[in-house]
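Engineer: Mind having a look at this structure? Questions to follow.
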């Protein structure tokens, strides 16, 4: 069976996409078509804040894209040296909260020590933060996307935990989505795909 996956591809340096790998182990071919595109914004502001850890009580990353934005701020050699020599250790003296193993792995690549990778959702992470932090800390810094859910910010603010957010990427429909879908359905064996799509859904659901 040929299965269509509408999702963002996994970063190239983090191994094969787990959905494609799992489907292949069940004898299914999979084609991955990205649905979204991302545009990074406010990187100068993000860089300034990342290099001023003394002004914040900790960091929050809930998506790989936010970590990617942070990584872009370290591309200049002098910035990277400053980060490695002093800044990252100042952050590691604070709490670095994350959602999910993929985000945690990228945070570790920055030299930071993540907390909460097993939380899985922003709602669960917010409970962890509330258990660990009190209301008299410096604001936690939360780089995020333009369509972030408000679960975590709302939970923290309602409980008096100071938070500073910064939109560092914008999300939009992938410019090639329509073209890629047309090409897929033109080339895919339509009857086999339609008959077995639900079976494919069950395989995908088992990975969530």
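Engineer: Please compute the contact order of the range 62-139 in relative form: average sequence separation of alpha-carbon pairs under 8 Å and at least six residues apart, divided by the residue count, as a percent.
Structural biologist: Values: 71 pairs, mean separation 22.3, N = 78.
Relative contact order of the range 62-139: 29 percent.
Engineer: Can you grab the distance from the C-alpha centre of the range 18-42 to the C-alpha centre of the range 50-113, Å, no decimals?
Structural biologist: 26 Å
Engineer: Same structure, new question: Taking 8 Å as the Cα distance limit and 6 or more residues as the minimum spacing, I'd like the relative contact order of the range 101-193 as a percentage.
Structural biologist: Working: 74 pairs, mean separation 21.5, N = 93.
Computed value for the range 101-193: 23 percent relative contact order.
Engineer: Measure nothing fancy, just the Cα-based angle from helix 190-205's long axis to the longest principal axis of the chain, in degrees from 0 to 90, nearest 10.
Structural biologist: 30 degrees
Engineer: If contacts are Cα pairs under 8 angstrom and at least 6 residues apart, what is the relative contact order of the chain in percent?
Structural biologist: Values: 307 pairs, mean separation 53.6, N = 208.
26 percent.
Engineer: Expressed in nm to one decimal, what extension gain is obtained for the pair residue 138 and residue 37 from 0.36 nm per residue of sequence separation less their Cα-Cα distance? Walk me through the numbers before you get to the answer.
Structural biologist: Numbers: separation 101, 0.36 × 101 = 36.36 nm, distance 3.34 nm.
In short, 33.0 nm is gained.
Engineer: Grab the DSSP H runs of the chain that are 4 residues or longer, score each as -39,500 (n - 2.57), total them, divide by all residues and round the 222 nm result to the nearest 500 deg cm²/dmol. The partial results should precede the final answer.
Structural biologist: Values: 10 runs with 91 residues, N = 208.
Only helices count here, giving -12500 deg cm²/dmol.
Engineer: Based on the Cβ-Cβ distance from residue 77 to residue 113, what FRET efficiency comes out when R0 is 30 Å, to the nearest 0.05? Please list the in-between numbers first.
Structural biologist: Details: r = 24 Å, r/R0 = 0.80.
For R0 = 30 Å, the calculated efficiency reads 0.80.
Laboratory data are not the source of any read-out in this text; all were calculated from the coordinates shown. As the structure is a computational prediction, the values presented were derived from the model and not from experiment. No Cβ is skipped: glycine too gets one built from the backbone with ideal geometry, and neighbour counts run over all protein chains shown.
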